[in-house]
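Heads up: the structure comes next, in structure tokens.
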Amino acid sequence: MNGIDTATASEEVRDMRANRWNVEHVRAMIRIRSTVIGLAVATVALTGCKGIFDAENPGAITEDKLNNAAIIDPMLSGAITEFNDAFDLSVNLTGLLSDELVASGSWPSWHDADERGILALDAPVGAGNITEPMWNDWQQARFMAEETYRRIQELLDNPGSDPRAAAAQLYAGMSYYAFGDFFCRAAYEGGPAVQPAESYGLAEERLTSAIQIAQAAGVDSTAEMAYLARARTRLMLGDGAGALSDARMVPDGFRWWADFENTSGLTTDTWGELNQRGESTVGPPFQGLDDPRVPVVWDNGNTGPDRKTELWIQEKYPERFSDMPVGKWEEARLIEAEVLIGQGSVPEAMGLVNKTRAAVDLEPLPTDLTQAEATDVLRRERSRETFLETRRYADMRRYGLFPQGWGASCIPISRSELDSNPNLQGG
């Protein structure tokens, strides 16, 4: 199908890596970051600089090269790469802003955010600024996915049944719900500020499109990730019935990965900040648990660069290039369970919770709990099942776990956007 292998595993049991057409074929595409950046810049500023420097770059990516169907695969590769980078950054930074991680390093801005709930817009970039890289990385991921889909619609004969169109809409949708999950407000293409509900609405539209295209293209795995992403989105919008329906479309065994490689520019920052530099470390709620979903070890009393915080080392991502789960079947079962508990169907919900526990050989929990008891169990199980997968930050806000008035419960629009967007100037 258009050069992309869309083979999936059996309907009964899906191997972890069976759903990774996007990863295995991305490796065969253009993955060098200079190409990714060049594509984005060329798309935004197609007029170039001729007349300013009075010279031409014979290797530049120009409009005529972008108006060619051959550009679709590398553009999709770029969109996926940008998403993976933003996801990696968010594993680390939303972990710090939630209770998964604590600051243990030399950057005052991380300690301010973690300990005092203060997010400094003007902290030095590259020395602990949180808002700027989060904003820029997610905007780049979102833009690349949107631009790839636009080019697909312009250049392909049957975009409504092309798996690449489904993938582009999936990554656009997941980028939009990241803005809803992480940011207090958002703004797109220099437009006015929008509230998280509007970002979730934009995500839902694109994920619905991804499902429709993936089904037409026969790409089950893409549709399943879109169903999971839409279930998350609908849960955040308070649409329990929609979230339940979508979560049930995700089969047991499903996995979708952010792929990294042992190659310069394609490794993760999370491992470096946690396991190498010690700028942050695992927080107390996740230390010393006898739970295989939260693999954490004490570093023999060593402290971080701040000379006071004991290091607890995460082992979920044991190498700098370890892949990260973007979506898992276990989360889908827990979304079902959360909605069912809210409906009063506690035994059925606890059966789903126990299914996820059985997958890692944990003992089953009682099913005859009260609704309040089941809610507490569900929240604990979510925190462990999605440990260092970016989900905890939005959950803490949704469950009201931040202190009253805690400024770091969501991330503000970045200083660069506030200064450059005329619709945001003055606040």
**Request:** Count the net charge of all other residues whose Cβ sits under 11 Å from the Cβ of PRO159, scoring Lys and Arg as +1 and Asp and Glu as -1.
**Result:** 0
**Prompt:** So what are the ³J(HN,Hα) numbers for the range 111-124, from phi and the Karplus equation (6.51, -1.76, 1.60; θ = phi - 60°), rounded to whole Hz, Gly and Pro as x?
**Reply:** 5, 4, 5, 6, 9, 10, x, 10, 9, 8, 4, 9, 4, x
**Request:** For the range 270-329, give the magnitude of the charge dipole about the Cα centre (Cβ charges: +1 Lys/Arg, -1 Asp/Glu; no others), in debye to the nearest 20.
**Result:** 100
**Request:** In nm, give the distance between the simple-model label positions of TYR399 and GLU373, each being 7 Å from the Cα along the Cα-to-Cβ direction.
**Result:** 1.8
**Fill in**
For the range 312-413 the translational diffusion coefficient, Stokes-Einstein from a Kirkwood Rh over Cα pairs at 25 °C and viscosity 0.890 mPa s, in µm²/s, is roughly 162
**Asked** If you take the C-alpha gyration tensor of the range 290-367, multiply each eigenvalue by 5 and take the square root, what semi-axes do you get, largest first, in whole Å?
**Response** 33, 15, 12
**Message:** For a quick check: with amide H placed at 1.01 Å from N, whose amide H comes under 5 Å from VAL326's, ignoring anything fewer than 5 positions away on the same chain?
**Reply:** TRP256, TRP257, ALA258
**Request:** Pick out, from LEU388, GLY283, GLY265, the residue whose Cα sits farthest towards the positive end of the charge dipole of the range 258-390, with +1 on the Cβ of Lys and Arg and -1 on the Cβ of Asp and Glu.
**Result:** GLY283
**Item:** Environment charge at ALA172 (Cβ cut-off 12 Å; Lys +1, Arg +1, Asp -1, Glu -1)
**Value:** -2
**Item:** Using θ = phi - 60° and Karplus 6.51 cos²θ - 1.76 cosθ + 1.60, couplings along the range 300-314 (whole Hz; Gly, Pro as x)
**Value:** 6, x, 5, 10, x, x, 6, 6, 9, 8, 5, 8, 10, 9, 6
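Give the Rg/Rh ratio for the range 73-172, taking Rg as the radius of gyration of the Cα atoms and Rh as the Kirkwood radius, to two decimals.
Numbers: Rg = 17.4 Å, Rh = 15.1 Å.
That ratio is 1.15, to two decimals.
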**Fill in**
Excluding ligands, DNA and RNA, the carbon-plus-sulfur percentage of the accessible area of the range 123-197 with a 1.4 Å probe reads 50
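Which of the peptides 146-152, 411-417 is most tightly packed, and how do the rest follow, judged by the mean count of other Cβ atoms within 10 Å per residue?
On the way: 146-152: 22.3, 411-417: 19.4.
Highest to lowest by the protection proxy: 146-152, 411-417.
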**Request:** Compare the peptides 162-173, 350-361 by average per-residue count of other Cβ atoms within 10 angstrom and give them in order, highest first.
**Result:** 162-173, 350-361
**Prompt:** Could you list log10 I(q)/I(0) for the range 118-220 at q = 0.16, 0.19 Å⁻¹, which the Debye formula gives when each Cα is one point scatterer?
**Reply:** -0.72, -0.91
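Tally Lys/Arg at +1 and Asp/Glu at -1 over every other residue whose Cβ is under 15 Å from the Cβ of ALA349; what's the total? Intermediate values should be presented prior to the final figure.
Numbers: positive: ARG248, ARG333, LYS355, ARG357, ARG379, ARG380, ARG382; negative: GLU330, GLU331, GLU336, GLU338, GLU348, ASP368, GLU373, ASP376, GLU381, GLU385.
Counting the neighbours of ALA349, the net charge comes to -3.
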**Size of electric dipole in the range 152-215: Cβ of Lys, Arg +1 and of Asp, Glu -1, about Cα centre, debye, nearest 20** = 160
**Request:** Convert each backbone phi in the range 178-195 into a coupling constant with the Karplus relation 6.51 cos²θ - 1.76 cosθ + 1.60 (shift: θ = phi - 60°), then list the ³J(HN,Hα) values in order as whole Hz, x for Gly and Pro.
**Result:** 4, 5, x, 5, 9, 9, 5, 8, 9, 8, 10, 6, x, x, x, 5, 10, 7
**Message:** Of ALA103, ALA214, GLN153, which is farthest towards the positive pole of the range 80-229's charge dipole, taken about the Cα centre with +1 and -1 on the beta-carbons of Lys, Arg and Asp, Glu respectively?
**Reply:** GLN153
**Prompt:** Nearest 20 debye, what's the magnitude of the dipole of the range 275-427 about its Cα centre given +1 on Lys and Arg Cβ and -1 on Asp and Glu Cβ?
**Reply:** 420
**Fill in**
Highest mean packing first, using Cβ neighbours within 10 angstrom, the peptides 189-197, 239-247 sort as 239-247, 189-197
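Averaging sequence separations of C-alpha pairs under 8 Å and six or more residues apart, then dividing by the length of the range 230-300, give the relative contact order as a whole percent.
Details: 34 pairs, mean separation 9.5, N = 71.
In percent, rounded to a whole number, it is 13.
The values are calculated or read from the model by the stated rules, or taken from the named source; none is laboratory data. As the structure is a prediction and not an experimental result, all values here were calculated from the model. Using ideal geometry, Cβ is built from the backbone for each residue, glycine included, and neighbour counts are taken over all protein chains shown. Heads up: the accessible areas ignore ligands, DNA and RNA and are worked out on the full protein's heavy atoms, side chains in. Shrake-Rupley method; radii C 1.70, N 1.55, O 1.52, S 1.80 Å.
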